[in-house]
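The values are calculated or read from the model by the stated rules, or taken from the named source; none is laboratory data. Model, not experiment: these values are computed from the prediction. Every residue, glycine among them, receives a Cβ derived from its backbone with ideal geometry; neighbour counts consider all protein chains shown. Keep in mind that these areas ignore ligands, DNA and RNA; they rest on the heavy atoms of the full protein, side chains included. Shrake-Rupley method; radii C 1.70, N 1.55, O 1.52, S 1.80 Å.
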2 protein chains.
Amino acid sequence: MHTRFPRTPVLAGNDVEAKRAELLHYFHATFDRYESLFELLSCDEAYYRKPITLRHPLIFYFGHTATFFINKFLLAGLIDKRIDPRLESMFAVGVDEMSWDDLDDARYDWPTVAEVRAYRNKARVVIDGVIRNTPFALPIGWNDPFWAVLMGIEHDRIHLETSSVLIRQHALAYVRPHPDWQPCRDSGPAPANSLVDIPGGRVLLGRAFTDPVYGWDNEYGRHQAEVSAFQASRHLVSNGEFRAFVDAGGYADDRYWDEEGAAWKRFAQASHPTFWVPDATAPDGWKLRLLAEEVPMPWDWPVETNCLEARAFCRWKSAETGLPVRLPTEDEWNRLHEHVGLGDVPHDAPAAANLHLDHWASSCPVNRFAHGELFDVVGNVWQWCETPTYPFDGFAVHPIYDDFTSPTFDERHNLIKGGSWISTGNESRHVSRYAFRRHFFQHAGFRYVVTHTPVTNPVSAYETDAMVSQYAEFHYGDAAFGVPNFPQAMAQLAIDAHRRHGNGGEARALDLGCATGRASFELARVFAKVIGIDFSARFIQVGIRMAETGAIRYTLPEEGELVSYHERRLDSLGLAESAGRVEFWQGDACNLKDIFSGFDLILAANLIDRLYAPRRFLDAVAARLNPGGLLVLASPYTWLEEFTKRSEWIGGFKKDGESYTTLDGLKDILGDRFTLVEGPVAVPFVIRETRRKHQHTLSEVTVWKRKP
Amino acid sequence: MHTRFPRTPVLAGNDVEAKRAELLHYFHATFDRYESLFELLSCDEAYYRKPITLRHPLIFYFGHTATFFINKFLLAGLIDKRIDPRLESMFAVGVDEMSWDDLDDARYDWPTVAEVRAYRNKARVVIDGVIRNTPFALPIGWNDPFWAVLMGIEHDRIHLETSSVLIRQHALAYVRPHPDWQPCRDSGPAPANSLVDIPGGRVLLGRAFTDPVYGWDNEYGRHQAEVSAFQASRHLVSNGEFRAFVDAGGYADDRYWDEEGAAWKRFAQASHPTFWVPDATAPDGWKLRLLAEEVPMPWDWPVETNCLEARAFCRWKSAETGLPVRLPTEDEWNRLHEHVGLGDVPHDAPAAANLHLDHWASSCPVNRFAHGELFDVVGNVWQWCETPTYPFDGFAVHPIYDDFTSPTFDERHNLIKGGSWISTGNESRHVSRYAFRRHFFQHAGFRYVVTHTPVTNPVSAYETDAMVSQYAEFHYGDAAFGVPNFPQAMAQLAIDAHRRHGNGGEARALDLGCATGRASFELARVFAKVIGIDFSARFIQVGIRMAETGAIRYTLPEEGELVSYHERRLDSLGLAESAGRVEFWQGDACNLKDIFSGFDLILAANLIDRLYAPRRFLDAVAARLNPGGLLVLASPYTWLEEFTKRSEWIGGFKKDGESYTTLDGLKDILGDRFTLVEGPVAVPFVIRETRRKHQHTLSEVTVWKRKP
């Protein structure tokens, strides 16, 4: 093999020029190795025929990694012009494996291989010049323009792996063996697998943004979990172990497949793992497709499957053994990794695993690399997890690559951990977190675990419902035009009024029309129990998620279709401690259950002009308050037929010939049972619609004290 | 007759207590006289049978004037509680004579006459107490609470007259003669009418708000006009003169009737004036209905008609004589009034006219009261004008009576001038301006004029289209949240940029997407010619009206259905002088005529994200600029499918995998022909939706200089 393939650099230190030299080497070695991979293609036609229908032909990937550097360097301000706008437009966007039933109908007039090679050479000169000539300081941080250099190189390394998968899926006629890409030649019968006890313990995942090693956005932030004790298979599931499932008719038996798996299986007409090649001339009837050749089936190598096949195997295994067999969660994988005490690939020695191209250009037997009592905790093939990828607390998109991970937070992309023989640089690190659609193939297999602990997946999806996001930002987001946060201001106003005029009780408060719940949390700084009620279940869910997980995530429209990504946390608002005193309920303010009574304070902010029967609410509200309790009303009195029939408006019209305002209506309706003790006073609020467009409104606040 | 019926008081002076005594007398005399009018009713049933279907029965009017005092006193803060909420709700709102085909379907459970009389007595005590005990200072002004006292009394006097009309329309069985309401007993053959030359001259109408005599809102402000010389009939048209039209079959001949008149005539089955009673026993076959009796037709008294009948007579008269006969405009009536040099009714002597109840409870012969060469320039009966009522420049609604006149600014209510025998107080003043639907009857007739000068009616209607009003306010109205006026700021920014970077020319500027035109006027401070173009003809009309009349009027939503009334004037914005340099055109920015070229500056503020083909506009715009000219763009880039198909957006999406903003798109589209010389910079704007709700947006401004 080659000299050792360079590791992802430490981005700290004192010697900028030495680091520059290291980065230059890291870049050229990576760019070279990527080009070397394409030497596996046997002819020009191999660049243009698609290995699989769902992705571009390899000519795209040949150009793409070079263009990626140019695009990110432009965004980072490292360069100021393109090399070739036509090619760069063509090579900008890959076809995501979004679904196996999305067919790519685009027609491309691809350039010749020679043109792309010439383009790559020009790009190499530009990238080399940037690395050589751009001033930078150490450490290189997430926000530094030079971060884009690492981003480009690590992106190359991802495509080194994913292009190798496409080459492995290409017809044999289009590939040829190559001395630099030689597979392992060891194989034998599969070892018997067995279960290893993994003790329970706490895992703490995530990285600090100041950590001086390049990472992708999804690695940052913080996640903590208690993992119960479980058992894990000592080895990755080998081709031999998996054969029992195939031979048992597992592919034909829908009992072992979930709905998604069964649909994929029907579509793909799958009856065995994708890299298995049925061959009557082979000793056992099976060969295995490697990068550039088919070999007699190495039964002791790890089987490669998608997540759906892995799950089906686990269900079959459960049925066979009577044990609760399943894939590990991400937390369990990390617990197991910690349990065996593995570090990352050393800079100055070969990996103690089939990882980082340090050994072969293929898998190897599952009993070659022992890690504690287990084998292949990292390396050989990636390991599917039960966990769909999700953002850690504190997740943020990178400013020049906001769609690296965020589109995969959809609960349809599952995590793979541990890396494969061709996972290098960032990919080889145990903190890296890659995820693919569950039907997709990589150099990936699995280890199973045995545990009764149910899987609970973290919420991954960004809230994208425009109205819900808008209110989440209204309640937990940034101030605009210098206007203070409205729910917070209203809660404070209510608390102040309660201290001046209230009944002295601090037992129960009601936040009626609580929307996404901010004022409820704020009231719980003072009140022992706060009930938040809203008509919209979608709104309530935001409050519940905030209370349960301490965080919410949502996108906001910026301009046209462009969005920004936001995470808001109770702890950074000083409200973590309040969460336990808040309860959210879906409910109708005009028809509220009797149990919602006995309050010392009721806040109804921006509620009454959205009720279908505001008078019914106002007539009933006194009975829900303890004597001397306060009702705090706030409303811009924006009466609209869409929400409140004209006949139900309580003001905002001519009555007996004279202007009759909503405040007049409130006085008439509430006067018997309440005394107006404060207001009216105007409190402003701002709701953000896009980056530039806002609603800016004044809500009229009145405070009413229930008569004894 | 009685002692002289008191005149509307002068509200200035030094002796508050003497003024209080005068007001007390003015009130009681008015309240008494109103009650005396109802003594004409012969029985209780007369109070409950409707004299005409379009109005309430008289019981309503009996209570209404008392309730009006109470309502206005409450609003003015002169009292703090009602006398009888049930009755006051019932007596609050009359049925407006909005249309002869609006039928009143309301059902009322009217109180007894005795109950209403008791209520009036209670109200009298309250009103008396207010006048006696409320401190006030002299002069009493429009904004003083005490103004409501005058408002109540003058309102009573209006109903004194309008109730007298209803009584005159009641069946004879329901009325009886009364010594206090005796008609004139003089009559004879009609005098021959003739024409009097009235020299041309300027009229200056309107009053100052500081004028110390009570007035209704429509009298205030300012209107000036040059009136061409014309001829006026010496006498009001008498019953005798009108008879020729009736006898000639004028009612049956549609040639003499306009569309509105013909429709009314069909509906009403009218074949003669409404107070004429065909009676075979009468000497000439006709009697005339007075308040409480029918008398042999007094041919020398003024005929009473609605405006539609008066117009039909004029058309017939034109046809008969070959002269251009028509009703006078309000300006012509005032010119005529000024020409004869009449004052108002003196405080200390009887009116020199059949006015103010100083002579009879009916009309009198048209040749009794000479005013210069004419007769009955005021008094006897009201005189219909060709002019629909409209607000003078500087018109404002009164804060406690915002719907006195404003609902009649609809071009369907025509002015009557001069007063009748029962017009007293404010009604008797020559500055008073009452208006009724053209089909409605009062004690009203007409004088005709002969002139070739065409009638041009002032624009009266308030703009009520929500979007147009919103933009009128956005352009010409009040600042909100301290944000400077946006079109003004944009024009100034464009002018400043032009001075720094422009081509030095100040000949022609284009305001594209000018909406209601403010920036066009602002640019015309500097540019010799400014063209304002907008896709919306409704918007353009506001700019045109502003340029032509110097003022616009519109309503704005306040809360629910409540609106406020606004007038905005070019002169108070310092733009009167600009108007002559501005031209407005309806046009499509994506498909603009070639004549719109040769500009030194083009401003396109908040335009591009509302175009259906923004790229087409941007591609063509350079050719419309002189070399070195500037294009100033401002937009919040709020792309919406509703206005611009997704495929036409020029930014705000991912392009080749990267965020592509509208600014990126502008640079790509404009880069060849323009240099970006300023910006981007954010300029805020606020659009008011209701009293409390606003849009608050940032528009991104860029300034582009056309390459030579």
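Some notes on this structure:
- Degrees, to the nearest 10: A:113-133 long Cα axis against longest axis of chain A: 70
- Estimated buried accessible area (total), pair B and A, 1.4 Å, Å² to nearest 100: 3500
- Remark: label point of residue A:77 defined 7 Å out from Cα along the Cα-Cβ vector; separations to the same position in other copies 5.8 nm, ascending.
- For region B:656-673 versus region B:395-437, the gap between their alpha-carbon centres in whole angstrom: 60
- Cα-based convex hull volume of chain B per residue, rounded to whole Å³: 191
- Reachable aspartates and glutamates, given that their alpha-carbon falls under 12 Å from the alpha-carbon of residue B:287 and they are not under 8 places away in the same chain: B:279
- Straight-line reach from residue A:655: taking Cα to Cα under 16 Å and skipping same-chain neighbours fewer than 8 places apart, the aspartates and glutamates in range are A:664, A:668, B:84, B:88, B:96, B:402, B:403, B:558, B:559, B:561.
- Value at 222 nm in deg cm²/dmol, rounded to 500, when DSSP H runs of n ≥ 4 in the protein assembly as shown each add -39,500 (n - 2.57): -9000 deg cm²/dmol
- For chain A: relative contact order, % (alpha-carbon pairs under 8 angstrom, 6 or more apart): 10
- Whole-Å semi-axes of region B:102-214's equivalent ellipsoid (Cα gyration tensor): 34, 31, 16
- Across all Cα pairs in region B:486-630, the calculated P(r) in 10 Å bins from zero up to the longest distance comes to 12, 41, 33, 12, 3, 0 percent per bin.
- Global geometry of region A:253-374, whether rounded, prolate or oblate, following the gyration tensor of its Cα atoms and the 1.5 cut on a/c: oblate
- Simple Cβ-charge dipole of the protein assembly as shown, Lys/Arg +1 and Asp/Glu -1, about Cα centre, in debye nearest 20: 880
- Computed accessible area, residue A:271, all protein chains, 1.4 angstrom probe, square angstrom: 70
- Net dipole in debye of region B:401-559 [+1 Lys, Arg Cβ; -1 Asp, Glu Cβ; about Cα centre; nearest 20]: 720
- Global geometry of the protein assembly as shown, whether rounded, prolate or oblate, following the gyration tensor of its Cα atoms and the 1.5 cut on a/c: prolate
- C-alpha center-to-center spacing [region A:308-345, region A:493-521] in angstrom: 48
- Solvent-accessible area per residue for region A:577-708 (1.4 angstrom probe, square angstrom): 40
- Cross-linked pairs A:19/A:122; B:645/B:667; A:667/B:19; A:417/B:654: Cα-Cα separations exceed 26 Å for A:667/B:19; A:417/B:654.
- Accessible surface ranking that places the most exposed of B:287, B:50, B:122 first, with a 1.4 angstrom probe: B:122, B:50, B:287
- Of the chymotrypsin sites (Phe, Trp or Tyr not before Pro) in region A:606-708, the ones in a loop by DSSP (not H, G, I, E or B) with at most 16 other beta carbons within 10 Å are A:612, A:643.
- For chain B, the longest principal axis of the alpha carbon atoms and the long axis of helix B:307-321 meet at an angle near 90°.
- A Cα-only calculation for region B:330-375 places Rg and Dmax at 11.5, 30 Å.
- Surface accessible to a 1.4 Å probe, per residue, for the residues of region A:240-392, Å²: 34
- Residue of chain A whose Cβ sits closest to the axis mapping A onto B, with distance in whole Å: A:696, 2
- Cβ-defined net charge surrounding residue B:654, 10 Å radius [Lys, Arg +1; Asp, Glu -1]: -4
- Solvent-accessible ranking of A:559, B:506, largest area first, probe 1.4 Å: B:506, A:559
- Charge dipole (region A:390-490, unit charges on Cβ, about Cα centre) - positive-most of A:452, A:462, A:390: A:452
- By the beta carbon rule, with partners counted only under 4.7 Å, the protein assembly as shown holds these lone Cys residues: A:43, A:307, A:314, A:385, A:514, A:590, B:43, B:307, B:314, B:385, B:514, B:590.
- Local electrostatic count at residue B:515 - Lys and Arg +1, Asp and Glu -1, tallied over other residues with Cβ under 11 Å: +1
- Put simply, the convex hull of the Cα atoms in region A:182-277 casts, on average, a shadow of 11.1 nm².
- Label-point distances for residue A:411 to the equivalent site in the other copies, using a point 7 angstrom along Cα→C-beta, read 5.9 nm when ranked shortest first.
- The magnitude of the dipole of region A:12-90, with charges of +1 and -1 set on the Cβ of Lys/Arg and Asp/Glu and taken from the Cα centre, is near 360 debye.
- Selection among B:283, B:229, B:41 by position relative to the dipole of chain B gives B:229 as farthest towards the positive end (Cβ unit charges, Cα centre).
- 0 to 90° range, to nearest 10: angle between helix B:537-549 axis and chain B longest Cα axis: 70
- Fraction of accessible area attributable to carbon and sulfur, the protein assembly as shown (%, probe 1.4 Å): 51
- Teacher prompt: residue A:667 distances to equivalent labels in other copies, 7 Å Cα→Cβ, nm: 5.9
- Sites matching GluC sites (Glu not before Pro) across region A:634-708 that sit in DSSP coil, with at most 11 neighbouring C-beta atoms within 10 Å: A:641, A:642
- Straight-distance crosslink candidates among aspartates and glutamates, where the alpha carbon sits under 14 Å from residue A:265 and sequence neighbours closer than 8 are dropped: A:101, A:253, A:254, A:309
- Shielded residues, region B:682-708 - accessible-area loss of 50 Å² or more between chain alone and all protein chains, probe 1.4 Å: B:692, B:693, B:696, B:698
- Residue-level accessible surface for residue B:226, protein heavy atoms, 1.4 Å, Å²: 120
- Going from the chain on its own to the full set of protein chains, region B:642-677 has these residues losing 40 Å² or more of accessible surface (heavy atoms, 1.4 Å probe, no ligands, DNA or RNA): B:652, B:654, B:656, B:658.
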